Structures are given as structure tokens and as C-alpha cells.
Amino acid sequence: MFDLSTVPLLEIGNLTLADILPFLLIGFAAQLIDGALGMAFGVISQTLLVSVGVPPAAASASVHLVEVFTTGASGTSHIVQRNVDWGLFRRLVPFGIAGGVAGAYLLSNIDASVAKPFVMAYLAIIGMLLLYRAIKLSKPRFEDPKTTRPLALVGGFLDAAGGGGWGPVVTSNLLIQGGDPRRIVGTVNTAEFLLALSVSIAFIASLGFAAFTVATVGLIIGGVIAAPLGAMLVKRVQPRLLLGAVAVFLIATSAYSIVQAFG
């Protein structure tokens with residue numbers, strides 16, 4: 001089991017405001033982006049925790065515990081702003097949970113990070129396709145996405161096993177299928193609450209509460225503060241600009257991950 005004392009920045013006994021503040025700011029920025037684009041919180045938070053020495057399973061467990069709070073706040077805000085497609089929500093949630101629980105079990109027992117560079121390469125291609133659509137999009141023409149259940153299964157699995165896969169995989173693919181960016185982002189964010197809750201329970205069953213670090217305190221506070229702002233932002237941004245922002249984020253983060261993996 002992971003010993004938290006091996007990571008000085010996260011020592012429980014000496015926790016101060018100076019320890020929490022960096023994580024609070026990161027949680028705020030990550031959730032603001034996540035609430036507006038439908039992705040980023042898991043990617044940013046997971047990368048941070050792993051970079052300071054937290055094992056991948058413990059980092060993913062911590063991020064999903066934080067996301068129970070941040071996605072709860074974000075989902076509520078998106079519901080208030082009427083950004084949620086409830087039919088799509090019902091198609092995504094059961095399969096997302098099934099994939100997430102399977103991914104949590106896998107990561108708790110083996111290292112699933114070897115597949116990350118290939119997933120990132122795929123997301124970079126999706127990002128370029130979205131960027132092309134954003135440039136060519138003149139008048140919004142949206143369609144109800146058809147391939148949803150298998151996508152949710154894969155997205156939930158990658159989210160638990162690799163950290164942060166739900167938003168990039170599910171949001172980007174639903175947008176490629178022609179979904180309304182505002183409703184897609186709102187629905188995926190709201191569905192993520194139930195995914196995060198299920199994955200957190202699975203990690204607790206496999207790793208115990210020692211998997212969760214005190215960095216979660218700062219991430220939760222910052223994320224909850226930013227959640228309503230992201231939901232309001234996505235309602236007011238033009239679809240073309242929102243598509244372009246999602247595309248640029250996917251391309252940039254995927255390229256960075258690929259360079260790190262093979263560097």
C-alpha cells in the first residue's frame with residue numbers, strides 16, 4: 001500500500017495553507033477549463049500528482065475522489081444553465097460506469113499506462129479533425145450522436161486506467177459525430193459525476209483510503225469554486241469557437257504526452 005510520507009509535499013501532519021494553495025489554484029484552473037471544454041481536470045490533476053511522486057493508481061484514485069465534488073458542482077451548474085441532453089445522459093452513464101470500474105480494477109493490479117501514447121496519438125488526430133470542422137463551420141448544423149454506449153465504455157475505462165480519459169475521449173468523439181458543443185460539454189460533465197463516484201468506490205475497495213492524498217483538499221476547493229463559472233462560460237461561447245478551443249487543447253496536450261512518453 002502507498003505510504004504518503006514518501007511524498008513530502010503531501011505530508012498530512014504538516015499540512016498548511018502554503019501546501020494547499022498550489023493545488024487550489026490548479027484545481028480552479030483545471031475545473032474552469034473542464035467546465036467550458038468538457039475535458040482537462042483529470043489530465044492536469046493526474047499529471048501533477050504523478051510528477052511529485054504519487055503512484056499512478058493512487059493519483060487516479062485521488063483525482064476521482066476530487067471529481068466527485070467538482071463534477072457534482074459542475075453538473076449542477078450545467079443543469080441550471082440547461083446545458084444537459086438527458087437522453088444522451090441516460091445512454092452514457094451505465095456504460096461509462098462499467099468501463100470505469102473495470103479500469104480501476106485493472107490499474108490497481110497492473111500498470112496500464114503503456115497504452116497512453118497510443119491513446120494520445122488517437123486524440124491528436126481527433127483534435128485535428130475537430131479543428132478542421134471549426135474552421136469550415138459557417139452555420140451550426142447539429143445531429144444527435146449515434147455511437148454512444150461503446151464510446152462511454154471505452155471512455156470510462158481509459159479515465160480510470162489512464163487518468164482523465166472520459167472528457168477527451170467522449171466529448172471529442174461526440175463532437176466529431178456532429179453533436180451540439182454546448183449540450184455535449186454539459187452532458188459529459190454531468191455524467192462524469194456518477195462515473196467519478198463509481199470509480200472512487202472501486203479504488204477504495206481495491207486500495208483502501210490510503211490511496212487518497214491531502215492534495216485532494218486544495219483540488220476540491222479550487223474545483224468547486226470554478227465549476228459554476230465553466231458552466232456559464234460554455235453557454236455563452238459560440239459553437240465554432242468552442243470546437244476550435246477543444247481541438248487546440250486536444251492537439252497540445254496529446255503532443256506533449258507523446259513527446260514525454262518517447263523522450
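The mean accessible area for residues of the range 149-202, using a 1.4 Å probe and ignoring ligands and nucleic acids, is 24 Å² per residue. For the range 227-255, the residues whose backbone nitrogen is under 16 Å from a point 7 Å from the Cα of F142, taken along Cα to Cβ, are 231-246.
The values are calculated or read from the model by the stated rules, or taken from the named source; none is laboratory data. Predicted, not measured: the structure shown is a model, and the values here were computed from it. Note that each Cβ is placed from the backbone with ideal geometry, even for glycine, and that neighbours are counted across all protein chains shown. All accessible areas refer to the heavy atoms of the entire protein, side chains included, with ligands and DNA or RNA removed. Shrake-Rupley method; radii C 1.70, N 1.55, O 1.52, S 1.80 Å.
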